[in-house]
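Written out below as C-alpha cells is the structure these notes cover.
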C-alpha cells in the first residue's frame, strides 16, 4: 500500500478538482468546508472531496505538501487555488468557472468522495 | 488570543497597511482579517493569502488560531 503522502499526492495530481474538507459533501463538518463546496458547485466543477477528519495525519501530510495551513484546500489540475475565502471570491467574480472551464475543457458537474487508506 | 496580538503580527509584515482584525465569535480563536497593503500589488490572490498565512504562521501552527478568514487587497 502506498503511503498517505503518496495517496494525497496522487489525488491532487489526478483529480481535475480536488477539495480537502472536514466531513463529507453530504455532511460538511465545518462552515468553511461548506463554503468551498458551495462555490465549487456553483461554478459547475466535477468535485472530488476528501475528508481530512478520519486521521490527523491526513491534514499534516497535506499541509506539508501544499504549504497551506488551513482546511479546506482546493486544487484544480494539481494546482492549489486556495481555501474557502479565495474559492468564494473567485466564484463570486465568475473567475472560478472560467478557470475550471479553461483547465478541464468540456466536463460534467459531479460530486464524489474519495477515502484515503489509513492504517 | 487577543485581536491586538494578531494585529501586531500583521503590522510587522505589512507596515503601513490598512489592517482590520475581527474576533468573529468572541472566543479568541476565530478571526477575520482584512488587509489593504501595497505588498499585494500585482500578486494573485493565492500569493496574497500565502503572505498572510506566513505572517500568522506561529499561531496557525500551534492551534491558537482555529479559524482564519482572509480578505486582501492591493493599493494599486
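Against the longest principal axis of chain A, how steep is helix A:95-104, in degrees 0 to 90 to the nearest 10, with axes from Cα atoms?
Taking Cα atoms only, the helix is inclined about 70 degrees.
Taking chain A as a Gaussian network, where each spring joins two C-alpha atoms under 10 Å apart, which residue of A:105, A:82, A:31 fluctuates the most?
A:105
For helix B:45-55, what angle does its Cα long axis make with the longest principal axis of chain B, in degrees from 0 to 90 and rounded to 10?
50 degrees
Output the direction-averaged projected area (hull surface divided by four) of the convex hull of the alpha-carbon atoms of region A:60-119, in nm².
5.1 nm²
Estimate the FRET efficiency between residue A:101 and residue B:23 by the formula 1/(1 + (r/R0)^6), using the beta-carbon distance for r and 41 Å for R0, to the nearest 0.05.
On the way: r = 38 Å, r/R0 = 0.94.
Efficiency computed from Cβ-Cβ geometry: 0.60.
Using only the Cα atoms of chain A, build the gyration tensor, take square roots of its eigenvalues as a ≥ b ≥ c, and label the shape rounded, prolate or oblate: rounded if a/c is under 1.5, else prolate if a/b is larger than b/c, else oblate.
prolate
Report, in whole Å, the centroid distance computed from the Cα atoms of region B:1-40 and region A:16-46.
26 Å
Over the Cα atoms of chain B, what Rg and Dmax result, in angstrom?
That works out to 11.6, 35 Å for Rg and Dmax.
Roughly how tilted is helix A:84-93, in degrees to the nearest 10 and between 0 and 90, from the longest Cα axis of chain A?
That works out to roughly 20 degrees.
Provide the percentage of antiparallel DSSP beta bridges, counting only those with both residues in chain B; round to the nearest 5.
Working: 6 of 13 bridges.
Roughly 45 percent of the beta bridges in chain B run antiparallel, per DSSP.
We did not get these values from a lab; they are worked out from the coordinates using the rules stated. From a predicted model like this one, the values you see are computed outputs, not experimental measurements. Heads up, the Cβs are rebuilt from the backbone with ideal geometry, glycines too, and the neighbour counts pull from every protein chain shown.
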